[in-house]
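Presented below is the structure to which this report refers.
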Amino acid sequence: MSRKGRKPFALTKSHARRIWLRAQRLDEPAPFGEGPGAIRAAVEHLGYVQIDTINVIERCHHQILYTRIPGYQRDHLRQAQTIDKTVFEYWTHALSYVPTRDMRFYLGDMKRYRRDRRPWFTAVKKEDLRKVLALIRKRGALTIRDIDDDVLVEKDHAWGSRKPSKRALQLAFYEGVVTVSQRTGMLKTYELMRRHFGWEKPPRAASEREVLNYLLDRALRSQGVVSVDSACYLDARRKPAMRRLIETRMSRRELVPVELEGAGTLQHWARPEALDATFDAAHEKVHILSPFDPLIHQRKRLHLFFDYAHRFEAYVPRDKRLFGYFAQPVLVGDEVVAVLDLKTDRERQKLLVQRWTWVSNRSRRLRKRRIEEALHRFERFQLTR
């Protein structure tokens, strides 16, 4: 059935959710296969996998990949980053793993960091930057722990470091001079970008027009139904140009305007083939999702599509928390049905459910059993190294 044209297509929330779940590959058992190659395929399809330091349970980048790769092993991510070099770390809306094939779309941001020093890095002295780069050139890849001759300074931020070399390494990372060649937990090993990737010269940076097309295509691939906000999440300066690009794609009949149930004046678009796809709802899959999962972290979009408002409460006072310190939404089929505050007790080798909050009244008994089965699988993943 053709959906081409400029007349908005009326889209129910249920249909929109199915399209988004299909785009996120959460409606298939193992959409990216197994092994190290699955890491590359997953990150390339999603566009990014967020990294975060909180580890009351498994860190979010491992959980996001486990959710889509049932046989996921942490060493496969290490191989993809350090040996195969098919993924690298950089900033999207947050620090993330991104596909190495997409490197050129980030080179412009690296250049801007070199040209326009951000306030966070104004305290970095030129001699500190020269020092860390000289050490890497001479000794090879290193971690901040390998630098033991810093004159310590007072922290200017709660998450800061007393080592001037740490801020210098971070600046060199954002400028694209060094890259993170390996992670051990959250300890980063830095290497010269050119040496890590074996470049004689770096790839050509994408033009701004190419970056816009990349962002829109990434959103269409991983979201299915998109808005200007969802394609330019936390990137407000690109929104006017993104809207013009969407208009151009509509004029070519590549995109269809969508009137999404409950969205009001917020405009959405989709590819015609996404609207024509069929869905098998016979078996509802269960997913325990990180709050940083691509399905969850855009909170307004999540609420619009799923009628569920997630709260990230790690920084909320205990007596004001509704769901818990590090609450995990539980998806059953196309509905968020519960929120679980989980914690891994590594000494006792157990996954603890500190709070279970139902946000759906439908079929609780059957769903509770299926969620408990998913929790047992998730516990094995948490405790297997």
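If you check L187, L171 for being of a type in the set (A, V, I, L, M) and exposed (fewer than 13 other Cβ atoms within 10 Å of the Cβ), only one passes: L187.
Between R204, R209, R183, the distinction of being over 19 Å from the mean Cα position of the chain (by Cα), farther than 30 Å from A263 by Cβ and either modelled with pLDDT of 95 or more or among the charged types (D, E, K, R) (or both) belongs to R204 only. Checked against (1) assigned to a loop (DSSP other than H, G, I, E, B); (2) at pLDDT 95 or above; (3) more than 21 Å from R367 (Cα to Cα), T278 meets all criteria but (2).
Exactly one residue out of L133, L107, L129 is out of contact with any Lys or Arg (no Cβ under 6 Å at 6 or more places or on another chain) and under 22 Å from L234 (Cβ atoms): that is L107.
Results for (1) hydrophobic (A, V, I, L, M, F, W, C); (2) more than 26 Å from E373 (Cβ to Cβ), shown as yes or no for each residue.
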site	(1), (2)
T278	no, yes
S290	no, no
I296	yes, no
L304	yes, yes
Y315	no, yes
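When each of H303, H310 is tested for being within 26 Å of V226 (Cα to Cα) and surrounded by fewer than 20 Cβ atoms within 10 Å (Cβ to Cβ), the lone residue that passes is H303. Taking the criterion of being more than 18 Å from E127 (Cα to Cα) and β-branched (V, I, T), the residues of segment 165-196 that qualify are T179, V180, T184, T189.
Exactly one condition in (1) of a type in the set (V, I, T); (2) surrounded by 19 or more Cβ atoms within 10 Å (Cβ to Cβ); (3) farther than 20 Å from M250 by Cβ is false for V225; which is it? Only one criterion in (1) of a type in the set (V, I, T); (2) surrounded by 19 or more Cβ atoms within 10 Å (Cβ to Cβ); (3) farther than 20 Å from M250 by Cβ is unmet by V225, namely (3). Would you check if D341 is free of Cβ contacts under 8 Å to residues at least 40 places away in the same chain and either assigned to a strand (DSSP E or B) or touching a Phe, Trp or Tyr at 6+ places or on another chain (Cβ under 7 Å) (or both)? Here the answer is yes, as D341 does meet what is asked. Here segment 226-256 is the region considered, the condition is being in contact (Cβ under 8 Å) with a residue 60 or more places away in the chain and either aliphatic (A, V, I, L, M) or not in a helix (DSSP H, G or I) (or both), and the residue that is farthest from L302 (Cα to Cα) is R253. Applying a threshold of 9 Å to beta carbon distances and a minimum spacing of six or more residues, or different chains, the list of pairs starting in segment 259-286 at a residue that is among the polar types (S, T, N, Q) and ending at one that is surrounded by 15 or more Cβ atoms within 10 Å (Cβ to Cβ) and part of a loop (DSSP other than H, G, I, E, B) reads Q267/S227. Residue check: L304 meets all listed conditions (1) over 19 Å from the mean Cα position of the chain (by Cα); (2) within 23 Å of M103 (Cβ to Cβ); (3) of a type in the set (A, V, I, L, M) but one, namely (2). For segment 313-338, filtering for residues that are in a loop (DSSP other than H, G, I, E, B), open to solvent by less than 10 Å² (accessible area, probe 1.4 Å) and touching a Lys or Arg at 6+ places or on another chain (Cβ under 6 Å) leaves 2. Candidates in segment 354-385 are the residues that are over 15 Å from E58 (Cβ atoms) and aliphatic (A, V, I, L, M); of these, the one that is least open to solvent (accessible area, probe 1.4 Å) is I371.
The values are calculated or read from the model by the stated rules, or taken from the named source; none is laboratory data. These figures come from a predicted structure and were not determined experimentally. We place every Cβ from the backbone using ideal geometry, glycine too, and count neighbours over all the protein chains shown. Side chains included, ligands, DNA and RNA excluded: accessible areas come from the protein's heavy atoms. Shrake-Rupley method; radii C 1.70, N 1.55, O 1.52, S 1.80 Å.
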